[in-house]
Amino acid sequence: MTTSRIGRGALVTLAGAAASLAGAAGAANACEKPPPEHTCSLSNNDVQWAANGADGKPATAFHSSSSFTRVNAEPVNGFTVQLSQRAIADQCAGGVDVSLASYTAEGPTWETSGTQTFVDFATVHLSTASKSSETQSLTVKLPGAPPCFGQIDLYHGKTKYDGSNGHQIPNHDKGINTPYGLFAAWNGSDAGGCAVTPPPTTPPPTTPPTTPPTTPPTTPPTKPTTPPTTSPTSHPSTPASSTPPSTPPTTPTTPTPSGSTSTPATPATPTTTPGTPTLAHTGANVGEVSLVALMFFGAGGGAMFASRKVKAAEARKH
(Lines give C-alpha, C1' and ligand atoms only; values in the text may rest on other atoms or scores of the structure.)
Protein backbone atom coordinates (compact mmCIF):
# COMPACT_ATOMS: atom_id res chain seq x y z
CA MET A 1 0.00 0.00 0.00
CA THR A 2 2.80 2.29 0.98
CA THR A 3 4.65 1.54 -2.20
CA SER A 4 1.64 2.13 -4.38
CA ARG A 5 0.98 5.53 -2.88
CA ILE A 6 4.50 6.50 -3.28
CA GLY A 7 4.29 5.51 -6.92
CA ARG A 8 1.12 7.33 -7.59
CA GLY A 9 2.46 10.45 -5.85
CA ALA A 10 5.57 10.41 -7.98
CA LEU A 11 3.55 10.17 -11.12
CA VAL A 12 1.41 13.09 -10.01
CA THR A 13 4.51 15.11 -9.23
CA LEU A 14 6.07 14.47 -12.67
CA ALA A 15 2.87 15.41 -14.41
CA GLY A 16 2.71 18.71 -12.57
CA ALA A 17 6.26 19.58 -13.46
CA ALA A 18 5.67 18.96 -17.14
CA ALA A 19 2.65 21.21 -17.09
CA SER A 20 4.68 23.96 -15.45
CA LEU A 21 7.34 23.76 -18.15
CA ALA A 22 4.81 23.97 -20.94
CA GLY A 23 3.22 27.07 -19.42
CA ALA A 24 6.57 28.79 -19.12
CA ALA A 25 7.38 28.10 -22.77
CA GLY A 26 4.07 29.53 -23.87
CA ALA A 27 4.62 32.70 -21.88
CA ALA A 28 8.05 33.19 -23.46
CA ASN A 29 6.69 32.86 -27.00
CA ALA A 30 3.94 35.35 -26.25
CA CYS A 31 6.54 38.12 -25.48
CA GLU A 32 8.29 37.94 -28.91
CA LYS A 33 7.05 40.25 -31.84
CA PRO A 34 6.26 38.57 -35.11
CA PRO A 35 8.40 39.66 -38.14
CA PRO A 36 6.91 42.72 -40.01
CA GLU A 37 4.84 42.04 -43.05
CA HIS A 38 4.98 44.31 -46.21
CA THR A 39 1.53 45.72 -46.45
CA CYS A 40 2.31 48.08 -49.48
CA SER A 41 4.29 48.28 -52.68
CA LEU A 42 6.02 51.33 -54.10
CA SER A 43 4.37 53.15 -57.01
CA ASN A 44 5.12 56.19 -59.13
CA ASN A 45 2.92 58.31 -56.90
CA ASP A 46 5.37 57.72 -54.03
CA VAL A 47 8.04 59.82 -55.83
CA GLN A 48 8.71 63.46 -54.91
CA TRP A 49 11.09 65.91 -56.60
CA ALA A 50 12.75 69.33 -56.15
CA ALA A 51 15.12 71.46 -58.25
CA ASN A 52 18.69 71.69 -56.97
CA GLY A 53 20.72 74.78 -56.16
CA ALA A 54 24.38 75.42 -56.96
CA ASP A 55 25.41 73.23 -54.00
CA GLY A 56 23.58 70.22 -55.44
CA LYS A 57 20.97 70.21 -52.68
CA PRO A 58 17.21 70.86 -53.01
CA ALA A 59 16.60 74.59 -53.47
CA THR A 60 12.80 74.42 -53.70
CA ALA A 61 10.00 72.62 -51.92
CA PHE A 62 9.32 69.01 -52.92
CA HIS A 63 6.50 68.36 -55.38
CA SER A 64 4.48 65.20 -55.93
CA SER A 65 5.00 63.27 -59.15
CA SER A 66 1.32 62.38 -59.29
CA SER A 67 0.64 65.47 -61.47
CA PHE A 68 2.53 67.39 -64.17
CA THR A 69 4.45 70.59 -63.33
CA ARG A 70 5.91 73.12 -65.77
CA VAL A 71 9.36 74.26 -64.51
CA ASN A 72 9.96 77.98 -65.12
CA ALA A 73 13.72 78.27 -64.54
CA GLU A 74 16.21 76.06 -66.34
CA PRO A 75 17.33 73.29 -63.92
CA VAL A 76 21.03 73.85 -64.50
CA ASN A 77 21.94 71.88 -61.35
CA GLY A 78 19.54 68.98 -61.88
CA PHE A 79 16.91 67.54 -59.55
CA THR A 80 16.68 65.64 -56.28
CA VAL A 81 14.14 62.78 -56.18
CA GLN A 82 13.00 60.87 -53.10
CA LEU A 83 10.36 58.49 -51.77
CA SER A 84 7.49 59.85 -49.74
CA GLN A 85 7.69 59.66 -45.98
CA ARG A 86 4.70 57.33 -45.87
CA ALA A 87 6.37 54.86 -48.19
CA ILE A 88 9.53 54.93 -46.11
CA ALA A 89 7.64 54.52 -42.80
CA ASP A 90 5.63 51.62 -44.16
CA GLN A 91 8.72 50.07 -45.70
CA CYS A 92 6.84 49.53 -48.92
CA ALA A 93 8.29 46.78 -51.03
CA GLY A 94 9.71 47.07 -54.52
CA GLY A 95 11.23 50.12 -56.19
CA VAL A 96 10.60 52.81 -58.80
CA ASP A 97 12.81 54.22 -61.59
CA VAL A 98 13.11 57.93 -62.39
CA SER A 99 14.93 59.41 -65.41
CA LEU A 100 16.08 62.82 -66.67
CA ALA A 101 16.74 63.73 -70.32
CA SER A 102 17.85 66.88 -72.16
CA TYR A 103 17.28 67.96 -75.78
CA THR A 104 17.99 70.91 -78.04
CA ALA A 105 14.96 72.68 -79.53
CA GLU A 106 14.10 75.25 -82.16
CA GLY A 107 11.92 77.43 -79.94
CA PRO A 108 11.45 78.44 -76.29
CA THR A 109 8.17 76.56 -75.70
CA TRP A 110 6.88 73.04 -76.25
CA GLU A 111 4.57 74.34 -78.97
CA THR A 112 7.50 76.01 -80.82
CA SER A 113 10.17 73.43 -79.99
CA GLY A 114 10.10 72.01 -83.53
CA THR A 115 12.68 69.34 -84.30
CA GLN A 116 14.64 68.33 -81.20
CA THR A 117 18.02 66.65 -80.81
CA PHE A 118 18.93 64.28 -77.98
CA VAL A 119 21.70 65.57 -75.67
CA ASP A 120 22.00 63.55 -72.44
CA PHE A 121 20.27 61.05 -70.14
CA ALA A 122 20.46 59.89 -66.49
CA THR A 123 18.38 57.43 -64.41
CA VAL A 124 18.15 56.27 -60.76
CA HIS A 125 16.32 53.49 -58.84
CA LEU A 126 14.50 54.40 -55.60
CA SER A 127 13.65 51.81 -52.88
CA THR A 128 13.36 51.36 -49.12
CA ALA A 129 16.19 48.84 -49.02
CA SER A 130 18.67 51.43 -47.70
CA LYS A 131 18.86 55.05 -46.66
CA SER A 132 20.91 56.02 -49.72
CA SER A 133 18.36 54.48 -52.09
CA GLU A 134 15.50 56.48 -50.63
CA THR A 135 16.85 59.86 -51.90
CA GLN A 136 19.03 60.43 -54.98
CA SER A 137 20.08 63.21 -57.43
CA LEU A 138 19.84 63.48 -61.22
CA THR A 139 21.88 65.79 -63.45
CA VAL A 140 22.34 65.94 -67.25
CA LYS A 141 24.28 68.01 -69.75
CA LEU A 142 22.47 71.16 -70.75
CA PRO A 143 21.50 71.75 -74.39
CA GLY A 144 24.13 74.48 -74.78
CA ALA A 145 24.22 74.57 -78.61
CA PRO A 146 22.65 76.71 -81.31
CA PRO A 147 19.86 77.55 -81.83
CA CYS A 148 20.16 78.00 -78.06
CA PHE A 149 16.76 76.63 -77.02
CA GLY A 150 16.27 73.43 -75.05
CA GLN A 151 13.96 71.01 -73.27
CA ILE A 152 14.61 69.00 -70.08
CA ASP A 153 12.21 66.21 -69.01
CA LEU A 154 11.85 64.43 -65.66
CA TYR A 155 9.76 61.26 -65.89
CA HIS A 156 8.98 57.81 -64.48
CA GLY A 157 10.76 54.76 -65.86
CA LYS A 158 14.22 54.18 -67.27
CA THR A 159 13.60 54.33 -71.03
CA LYS A 160 15.97 56.55 -73.01
CA TYR A 161 14.04 58.42 -75.71
CA ASP A 162 17.01 59.13 -77.95
CA GLY A 163 15.56 58.03 -81.28
CA SER A 164 17.00 54.49 -81.14
CA ASN A 165 15.21 51.16 -80.72
CA GLY A 166 11.90 52.74 -81.55
CA HIS A 167 12.15 55.21 -78.65
CA GLN A 168 11.27 58.41 -80.47
CA ILE A 169 12.59 61.84 -79.61
CA PRO A 170 9.77 64.21 -78.58
CA ASN A 171 8.35 66.33 -81.39
CA HIS A 172 5.32 68.55 -80.92
CA ASP A 173 4.70 69.13 -84.63
CA LYS A 174 4.56 65.40 -85.35
CA GLY A 175 2.49 64.56 -82.27
CA ILE A 176 5.29 62.56 -80.55
CA ASN A 177 4.60 63.20 -76.86
CA THR A 178 7.50 61.27 -75.40
CA PRO A 179 8.73 60.60 -72.80
CA TYR A 180 5.84 58.73 -71.23
CA GLY A 181 5.28 59.13 -67.48
CA LEU A 182 6.40 62.78 -67.65
CA PHE A 183 5.79 64.72 -64.41
CA ALA A 184 8.11 67.78 -64.73
CA ALA A 185 9.52 69.59 -67.77
CA TRP A 186 11.34 72.78 -68.74
CA ASN A 187 11.42 74.62 -72.10
CA GLY A 188 13.20 77.88 -72.83
CA SER A 189 16.38 79.70 -73.78
CA ASP A 190 19.39 77.69 -72.71
CA ALA A 191 21.81 79.19 -70.19
CA GLY A 192 24.42 76.47 -70.48
CA GLY A 193 27.23 78.47 -72.02
CA CYS A 194 25.19 79.41 -75.09
CA ALA A 195 24.76 83.12 -75.69
CA VAL A 196 21.17 83.75 -76.66
CA THR A 197 20.62 86.69 -79.01
CA PRO A 198 17.18 88.26 -78.52
CA PRO A 199 15.13 88.59 -81.68
CA PRO A 200 15.32 92.03 -83.33
CA THR A 201 12.53 94.44 -82.47
CA THR A 202 12.71 96.22 -85.81
CA PRO A 203 12.63 94.65 -89.27
CA PRO A 204 16.02 94.22 -90.95
CA PRO A 205 16.99 96.72 -93.64
CA THR A 206 15.63 96.05 -97.09
CA THR A 207 18.08 94.30 -99.39
CA PRO A 208 18.93 96.52 -102.35
CA PRO A 209 17.70 95.23 -105.71
CA THR A 210 20.07 93.08 -107.67
CA THR A 211 19.03 94.59 -111.06
CA PRO A 212 22.09 96.23 -112.62
CA PRO A 213 21.85 99.94 -113.36
CA THR A 214 20.54 101.00 -116.76
CA THR A 215 23.30 101.08 -119.38
CA PRO A 216 23.72 104.60 -120.78
CA PRO A 217 22.89 104.98 -124.49
CA THR A 218 25.71 104.09 -126.82
CA THR A 219 24.66 106.57 -129.56
CA PRO A 220 27.48 109.11 -129.90
CA PRO A 221 26.55 112.78 -129.65
CA THR A 222 25.51 114.49 -132.85
CA LYS A 223 28.40 116.13 -134.62
CA PRO A 224 27.97 119.46 -136.36
CA THR A 225 26.86 118.89 -139.94
CA THR A 226 28.75 121.83 -141.46
CA PRO A 227 32.44 122.13 -140.52
CA PRO A 228 34.05 125.54 -140.70
CA THR A 229 35.03 126.46 -144.24
CA THR A 230 38.42 127.84 -143.29
CA SER A 231 40.92 127.44 -140.54
CA PRO A 232 41.94 130.48 -138.53
CA THR A 233 45.15 132.08 -139.66
CA SER A 234 48.19 131.50 -137.59
CA HIS A 235 49.36 135.07 -137.86
CA PRO A 236 48.94 136.70 -134.42
CA SER A 237 48.16 140.17 -135.72
CA THR A 238 45.42 139.30 -138.22
CA PRO A 239 41.81 138.51 -137.10
CA ALA A 240 40.14 135.38 -138.50
CA SER A 241 37.87 135.72 -141.47
CA SER A 242 35.21 133.24 -142.53
CA THR A 243 35.71 133.95 -146.24
CA PRO A 244 39.21 135.13 -147.08
CA PRO A 245 39.68 137.03 -150.34
CA SER A 246 40.80 134.93 -153.25
CA THR A 247 43.66 137.27 -154.10
CA PRO A 248 44.93 139.56 -151.35
CA PRO A 249 45.79 143.10 -152.53
CA THR A 250 49.41 143.93 -152.73
CA THR A 251 48.91 147.57 -151.86
CA PRO A 252 46.55 149.33 -149.46
CA THR A 253 43.17 150.33 -150.81
CA THR A 254 43.10 153.98 -151.82
CA PRO A 255 40.45 155.73 -149.78
CA THR A 256 37.73 157.60 -151.58
CA PRO A 257 37.76 161.28 -150.77
CA SER A 258 34.68 162.07 -148.90
CA GLY A 259 33.57 163.97 -145.94
CA SER A 260 32.21 160.88 -144.27
CA THR A 261 34.06 158.75 -141.70
CA SER A 262 33.03 155.33 -143.00
CA THR A 263 35.08 152.37 -141.73
CA PRO A 264 37.36 150.82 -144.34
CA ALA A 265 37.25 147.05 -145.02
CA THR A 266 39.16 144.69 -142.74
CA PRO A 267 42.69 144.30 -144.07
CA ALA A 268 43.54 140.79 -145.23
CA THR A 269 46.61 138.89 -144.27
CA PRO A 270 49.50 140.64 -145.97
CA THR A 271 51.45 138.77 -148.57
CA THR A 272 55.15 139.33 -148.74
CA THR A 273 56.02 140.55 -152.22
CA PRO A 274 59.56 141.56 -153.00
CA GLY A 275 59.88 145.25 -153.47
CA THR A 276 56.45 146.08 -152.04
CA PRO A 277 56.47 146.98 -148.33
CA THR A 278 53.20 146.80 -146.35
CA LEU A 279 51.89 148.38 -143.19
CA ALA A 280 51.70 145.07 -141.35
CA HIS A 281 55.47 144.55 -141.42
CA THR A 282 56.74 148.09 -140.89
CA GLY A 283 55.46 151.54 -140.23
CA ALA A 284 58.17 153.31 -142.23
CA ASN A 285 55.91 154.14 -145.21
CA VAL A 286 53.10 155.60 -143.13
CA GLY A 287 54.63 159.08 -143.22
CA GLU A 288 55.03 159.02 -146.92
CA VAL A 289 51.46 158.02 -147.56
CA SER A 290 50.25 160.67 -145.12
CA LEU A 291 52.16 163.47 -146.90
CA VAL A 292 50.77 162.41 -150.25
CA ALA A 293 47.27 162.30 -148.81
CA LEU A 294 47.62 165.79 -147.39
CA MET A 295 48.92 167.10 -150.68
CA PHE A 296 46.13 165.64 -152.79
CA PHE A 297 43.07 165.48 -150.57
CA GLY A 298 43.47 168.19 -147.99
CA ALA A 299 42.02 168.01 -144.55
CA GLY A 300 39.44 165.31 -145.41
CA GLY A 301 42.05 162.92 -146.67
CA GLY A 302 44.21 163.58 -143.62
CA ALA A 303 41.44 162.45 -141.34
CA MET A 304 40.98 159.25 -143.32
CA PHE A 305 44.67 158.34 -143.20
CA ALA A 306 44.88 159.21 -139.55
CA SER A 307 42.24 156.56 -138.93
CA ARG A 308 44.22 154.03 -140.96
CA LYS A 309 47.32 154.86 -138.96
CA VAL A 310 45.53 154.16 -135.70
CA LYS A 311 44.26 150.78 -136.89
CA ALA A 312 47.71 149.84 -138.12
CA ALA A 313 49.16 150.69 -134.73
CA GLU A 314 46.52 148.53 -132.95
CA ALA A 315 47.32 145.64 -135.29
CA ARG A 316 50.96 145.71 -134.20
CA LYS A 317 50.06 145.44 -130.59
CA HIS A 318 48.60 141.99 -131.19
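The values are calculated or read from the model by the stated rules, or taken from the named source; none is laboratory data. This is a predicted model, so every value here is computed, not measured. Positions of Cβ are backbone-derived with ideal geometry, glycine not excepted, and every protein chain shown enters the neighbour counts. The area values use the complete protein model at the heavy-atom level, side chains included, leaving out ligands, DNA and RNA. Shrake-Rupley method; radii C 1.70, N 1.55, O 1.52, S 1.80 Å.
Could you put Ser164, Ser102 in order of accessible surface area, largest first, with the 1.4 Å probe and the full protein assembly present? Numbers along the way, then the final one.
On the way: Ser164 45, Ser102 0 Å².
Putting Ser164, Ser102 in descending order of accessible area: Ser164, Ser102.
Amide H of Gly188: which non-local residues (sequence gap of 5 or more, or other chain) have their own amide H closer than 5 Å, using H built in the peptide plane?
Those qualifying (amide H under 5 Å, at least 5 residues apart or on another chain) are Gly150.
Using Stokes-Einstein with the Kirkwood hydrodynamic radius over Cα pairs, what translational diffusion coefficient do you get for region 80-174 at 37 °C and a viscosity of 0.692 mPa s, in µm²/s rounded to a whole number? Present the calculation step by step, with values, prior to reporting the outcome.
Values: Rh = 14.7 Å.
In µm²/s, the coefficient is 223.
Under the 0.36 nm per residue contour assumption, what length would be gained going from the current alpha-carbon distance of Val76 and Asn44 to full extension? Show your work: numbers first, answer last.
Values: separation 32, 0.36 × 32 = 11.52 nm, distance 2.44 nm.
Result for the pair: 9.1 nm of gain on full extension.
Pulled fully out, how much extra length does the chain show between Thr117 and Ile88, if you take 0.36 nm times their separation in residues and subtract their Cα-Cα distance? Before the final figure, lay out the partial values.
Working: separation 29, 0.36 × 29 = 10.44 nm, distance 3.76 nm.
Gain on extension, Thr117 to Ile88, equals 6.7 nm.
At 0.36 nm per residue, minus the direct Cα-Cα distance, what do Asp162 and Asp97 gain on full extension? Give it in nm, one decimal, please.
21.6 nm
Distance in nm between label sites at Ser132 and Ser67, each 7 Å beyond Cα in the beta-carbon direction?
For the pair Ser132/Ser67, the computed spacing is 3.6 nm.
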